[in-house]
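None of the figures in this text is laboratory data; all of them are computed from the coordinates on show. Model, not experiment: these values are computed from the prediction. Counting neighbours? That spans all protein chains shown, and the Cβs are built from the backbone with ideal geometry, glycine included.
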Amino acid sequence: MAKYTGPVCKLCRREGEKLFLKGTRCYTPKCAFERRDTPPGMHGRARRMKQSEYGLQLREKQKLKRMYGVLEKQFRLFFDRANRKKGLTGENLLVLLETRLDNVVFKAGFARSLAMARQTVNHSLITVNGKKVDIASFIVSEGDVISCRDNDKTKKNVKDCLGETGDALVTPDWLQVNKEDVKATVLRIPQRSDITSAVDESLIVELYSK
């Protein structure tokens, strides 16, 4: 499967804001964006022309894709799925992305970054309601219990991550984490107000509606 393998800090610089792609490191002075927040490239500091309407819409889409580590083809599938659901397409899209299993594993503090969370899921180390799930794009539902497999080494690694991410990451209200038992319960499906990402989803809807 295709994936981005370049420096992720460059993606933050391109979007002009932190996307927290390195997880807990982004909350420390070691964050590369803190030291260099100009766009990548030799002309990064040069004055940019005013963006067109299409340019603004495209940048918003790219930003959201990068926040959740989704490539174009899969992002379009999520958009089409959101468009078929009742309600506002933009909000549906954000909720679908937020409830991806890899994102839930990261938000629960079971991994130091979204990339690490995805790898943890892909390596079959995560269970949902006691059943092994190795699909990062799996969408969790209300009442689902996410845990790691009953393996001493895996539990130790996850507990280490919980200890490191505890002060940096704030567990969202729709998720309940039991650090002792290494379990996370989806209390409810998140709403738009629960998603703090600085994204204007209406611009993405306008882009795909053309």
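Exposure proxy for 159, 131: other Cβ atoms within 10 Å of each Cβ, ordered fewest to most, give 131, 159. Modelled spin labels at residue 176 and residue 141, positioned 7 Å past Cα toward Cβ, are 1.9 nm from each other. Each Cα pair under 8 Å and six or more residues apart adds its separation to the average, and for segment 68-162 the resulting relative contact order is 23 percent.
The string of couplings for segment 78-91 from the Karplus curve (6.51, -1.76, 1.60, θ = phi - 60°) is 5, 5, 4, 5, 5, 5, 7, 7, 6, x, 7, 4, x, 5 Hz, one whole number per residue in order, with x for Gly and Pro. Subtracting the Cα-Cα distance of residue 127 and residue 51 from 0.36 nm times their residue separation leaves 22.9 nm of extension gain.
With a threshold of 22 Å on the Cα-Cα distance, the over-threshold entries among 65/210; 159/183; 65/179 are 65/179. The value for segment 132-177 of Rg(Cα) / (2.2 N^0.38 Å) is 1.30. The ranking of 120, 185 by Cβ neighbour count inside 10 Å, starting from the fewest, reads 185, 120. Available extension along the chain between residue 74 and residue 198 is 42.5 nm, counting 0.36 nm per residue and deducting the alpha carbon span. Cα centroids of segment 83-130 and segment 138-187: 12 Å apart. Neighbour counting of Cβ atoms within 10 Å sorts the residues 54, 68, fewest neighbours leading, into 54, 68. Protection proxy ranking of 81-92, 189-200, 101-112, by the mean of other Cβ atoms within 10 Å over each peptide's residues and highest first, is 101-112, 81-92, 189-200.
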